[in-house]
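Before any comments, here is the structure.
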Amino acid sequence: MLRTAKTIAAKDLRIELRSRVIANQVIPFAALVMILFAFALDSDAVLERVAPGLVWLATIFSVLFIVARSFALETTDGALEALRAAGVDPMGIFLGKTLALATQLIALEAVLVGASVVLYRADVSASGGVLLVTTAILATVGLASVGTLYGGLAAGAKGRETLLPLLLLPVVAPVLIGATRATESAFGTNGIDVSEGWPWLGLLAVFAVLFSVVGAVAFGPLVDD
Amino acid sequence: MTTRVARDRVTGTPFTRGLGIVTIAGIVWLVIFGLFVTPADVNQGETVRIMYAHVPGAWLAYLAFIVTALSSAMYLWRRTRSLTWDRIAGASAEIGVLFMGISLVTGSLWGRLTWGTFWTWDARLTTTAFLFVTYIGYLAVRNLGGTHHQRARRSAVLALLAVLEIPLVHFSVEIWNSLHQEASVAGNTDVTMDGLMLFTLFLGVIVFTLMYVWMLLHRQRALTLEDMLDDTGLDRALAARRTEAGVS
């Protein structure tokens with residue numbers, strides 16, 4: 001199962017390395033969203049205060065595109081059905097796709113945090129940096145597994161582009177809340193101390209564990225036709 | 001033969017007709033008690049009457065979503081993969097969304113009168129809104145297309161995930177110290193509510209439950225007919241055209 005997962009993840013990442021769809025389209029999109037936020041809010045003080053929320057909002061919007069891309073790869077020439085017909089373990093497919101998605105998300109988040117330092121004057125101390133990295137990892141695992149689960153659910157159906165946001169956005173709200181609060185204390189927004197951010201990681205961890213387990217179990221029945 | 005077929009194609013039976021009459025009578029009774037017989041509240045005044053629709057609406061929405069989850073579990077668990085369970089789940093979710101909508105609208109009107117605002121970003125309100133959107137998403141997934149069993153499997157998994165939100169919504173009042181009233185009846189040992197008002201509230205829950213069962217039976221049968229139409233509609237149309245053309 002783990003070998004399947006590794007193969008699938010390597011395959012997805014290799015496709016990305018060669019096609020550069022995420023790097024050339026989704027990451028610029030996320031950066032553009034950050035700039036548009038700055039136009040809309042138009043005040044350094046406000047931007048500084050809401051920077052953590054904007055980073056995670058831009059991440060969550062980009063998740064929609066990355067998930068759509070991840071499953072467009074599988075459904076365009078019936079690759080998902082071929083994998084199932086070949087008897088590949090669905091749990092392995094789920095883990096592999098989650099892993100590839102998580103890797104791409106981490107890269108995206110690094111860019112966005114960098115952008116918020118440059119554009120929104122966010123300030124990260126050393127201990128804040130540790131908190132920020134832990135937050136990003138936990139949030140990413142949660143987002144990637146829930147994205148893979150719902151992406152698989154909508155894969156191959158008509159109207160999936162419009163359906164995915166409707167399904168995904170309410171579910172990822174806890175990640176948005178937890179990650180934003182934790183990032184606020186990592187950035188020291190409103191003078192919040194770094195130590196106040198750690199309790200929020202509990203929420204992120206529960207979410208990540210819940211959806212990786214549920215996703216791994218439920219993915220088989222979902223794609224099994 | 002034609003009359004027999006026609007009779008098969010309605011969703012009513014003597015039982016549902018009886019149930020319907022009882023439900024309508026119950027609604028009339030509830031309206032009379034809720035609007036005229038019960039006294040106004042000491043603190044909330046006349047606005048308390050909204051409660052007789054608001055609280056039963058919320059409870060029945062929970063019940064409907066739990067029924068959706070249970071019948072989805074039955075679909076997945078039973079080897080027979082009976083689509084009846086799937087259709088019960090779908091019908092129940094539709095009615096649940098309706099009741100949750102009633103609850104949100106009445107609650108928002110009550111909030112305007114009592115709190116002075118239609119909406120606040122309070123824990124109970126926010127989580128309820130999420131529940132509402134989640135089940136709208138569930139209904140959208142049911143309409144994705146594909147075979148009936150594909151629909152059933154997708155929506156069953158989703159229903160089992162969505163039902164996890166209900167405890168979060170219900171206990172949000174306690175967890176986050178919200179503005180919304182705590183559950184007034186369940187869980188409190190000393191109920192400090194006027195007897196007649198309490199009775200009317202329970203009456204509301206019973207009437208809404210009857211309404212739910214009534215709608216569920218009809219809707220479930222209507223969904224069965226829709227599925228039958230999907231399965232046999234084309235064949236029947238072809239057969240009809242063949243007869244017209246005189247080919248047999």
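For this structure, a couple of remarks:
- Here residue A:61 and residue B:235 are evaluated by their C-beta separation; at R0 = 35 Å the FRET efficiency comes out at 0.15.
- With a Förster radius of 56 Å applied to the beta-carbon distance between residue B:28 and residue B:79, the computed FRET efficiency rounds to 0.75.
- Tilt relative to chain B, helix B:165-176 - C-alpha long axis, 0 to 90 degrees, to 10: 10
- For region A:2-223: rounded, prolate or oblate by the Cα gyration tensor [a/c cutoff 1.5]: prolate
- Rounded tilt (10° steps) of A:44-75 against the dominant C-alpha axis of chain A: 10
- Cα gyration tensor, region B:1-155 - rounded (a/c under 1.5), prolate or oblate: oblate
- Proximal charge balance of residue B:129 [Cβ under 12 Å; K/R count +1, D/E count -1]: -1
- Residues B:94, A:109, B:244, arranged from fewest to most other Cβ atoms within 10 angstrom of their Cβ, appear as B:244, B:94, A:109.
- Highest GNM mean-square fluctuation among A:23, A:155, A:126, for chain A modelled with Cα contacts below 10 Å: A:126.
- Stretching the chain fully between residue A:198 and residue A:45 yields a gain of 52.6 nm (0.36 nm per residue, less the alpha carbon separation).
- Here the Karplus relation 6.51 cos²θ - 1.76 cosθ + 1.60, evaluated at θ = phi - 60°, turns the backbone of region B:43-55 into coupling constants of 8, 8, x, 5, 5, 4, 5, 4, 3, 5, 9, 5, 5 Hz, with x for every Gly and Pro.
- Neighbour-count ranking [beta-carbon atoms within 10 angstrom, fewest first] of B:72, B:108: B:108, B:72
- Rounded to the nearest 10 degrees, the inclination of helix B:123-142 to the longest alpha-carbon principal axis of chain B is 0 degrees.
Since every read-out is calculated from the coordinates, none of them should be taken as a lab result. Keep in mind that this is a model prediction, so the values were computed, not measured. Cβ atoms come from the backbone with ideal geometry, glycine included; neighbour counts cover every protein chain shown.
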